[in-house]
Amino acid sequence: MSSSPGPSRRKFLARSAAVAAVPAVAALAGGALAEPASADTLPDFAPIPPSALGPAVNAQGYYVGRVEKNLYWVTDATYQAAFLTTRDGVVLFDAPPSIGRNLQRAINEIASANGVPNKVTHIVYSHHHADHLGASALFGRGVTRIGQAETKRLLAQENDPTRPVPDITFDTSYTLRVGGERIELAWRGTNHTSDNSYIHFPDHDTLMLVDICLPGWVPYDSFNLNEDVQASIAAPATAMAYPWTHFVGGHMGRLGTRNDLAVYQRYVNDIIAGVKQALVAVDPTPFFAKYGDNSWAAVQQYQAAQVSYAASPVIKKYTGVLAAADVYTASTTFVILESIRLDLGVDSQIHA
Ligand SMILES: [Zn+2]
């Protein structure tokens, strides 16, 4: 994706830092991962479908493009932010640390091309997570930050200097007006997090909803680590009820369409259908016969068999359709299996 070795190496190192804790944990488990990784022995995965990839990033490691009119998006191929240029300054939507100082570079590039102010005056927060807000403090104290009330509460509790708390908060909805532009913010209940907000640009035919649908890709590990699984499954329908053509999902290298959300919904529904079949079809008897008093061994192996039963046909169906179907479908299937058991009570049996 990168046009020079410099930024891709920097990005690689930044990502390595983010996952630095993983080898230590893996070492505890023993086995192959206790050895230093070698590229020769790491597993292969299916090729990424070209439809999952976006435009190439520049030598500095970012791509900036127009969404519609004076609304723009910027990506490093993994994370996304958006910004609106106005006669009174720039409104930035999220500030992922992986894009970092490239946010202002991207803004400068667009502002100078169009002869509009390049000063960021407002930052809208989609939700409190550091991977989407960690570059907020780069824009200083003079910026007005806007977020949902729970975003403020969580950020105050987390007390991370890279993510200043919002100056303006809202409970369920807020209309932000800057330089003659209008943005509609809404909180429609917990989904990915308890504060994740819908950012609608009614005059730009665009919806930004972060960490739900990652256009072209399956969800990140364990169903995007969504806090409320059932509400996250329902969120795309809420998103679809808004009028929009362009979708900013906060992740990966391209914008989304309504079809991306529809494909995502079908993918999740296929996992749910597979899990419901697995709950009926996979016989627990051999697992409990084999492991005796070791209940966790029996449960772990039994559920692994259920996940495999449910996920295998989904991986097959979506390989070549959604990137990394073979990487993360199993962990997402496990999370959905647990939610169907624990939140919906399917397969709960009352002792006679
Ligand atoms: Zn998040």
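Every read-out reported here was derived from the displayed coordinates using simple, explicitly stated rules and does not represent laboratory data. Bear in mind the structure is a predicted one, so any value in this text is a computation, not a measurement. Neighbour counts run over all protein chains shown; Cβ positions are idealised from the backbone, glycine included.
Worth a mention:
- Under the condition of being in contact with a helix residue (DSSP H, G or I) (Cβ under 8 Å, 6 or more places away or on another chain) and basic (Lys, Arg), the residues counted in the range 152-208 number 2.
- Residue in the range 152-163 that is nearest to Asp211 (Cα to Cα), counting only those that are within 16 Å of the ligand (Cβ to nearest atom) and in a loop (DSSP other than H, G, I, E, B): Arg163
- In the range 281-303 there is no residue matching the filter, namely being without any contact (Cβ under 8 Å) to a residue 60 or more places away in the chain, crowded, with 17+ Cβ neighbours inside 10 Å and under 30 Å from Trp187 (Cα atoms).
- Of everything in the range 161-202 that is surrounded by 15 or more Cβ atoms within 10 Å (Cβ to Cβ) and acidic (Asp, Glu), the residue that is farthest from Gly134 (Cα to Cα) is Glu181.
- Residue match in the range 113-121 (condition: within 16 Å of the ligand (Cβ to nearest atom), closer than 28 Å to Gly61 by Cα and in contact (Cβ under 8 Å) with a residue 24 or more places away in the chain): no
- Qualifying residue in the range 233-254 (condition: among the polar types (S, T, N, Q), away from the ligand (no atom under 14 Å from the Cβ) and in contact with a Phe, Trp or Tyr (Cβ under 8 Å, 6 or more places away or on another chain)): yes
- Given (1) surrounded by fewer than 18 Cβ atoms within 10 Å (Cβ to Cβ); (2) in contact with a helix residue (DSSP H, G or I) (Cβ under 6 Å, 6 or more places away or on another chain); (3) within 30 Å of Leu53 (Cα to Cα), number of the condition Asp347 does not satisfy: (3)
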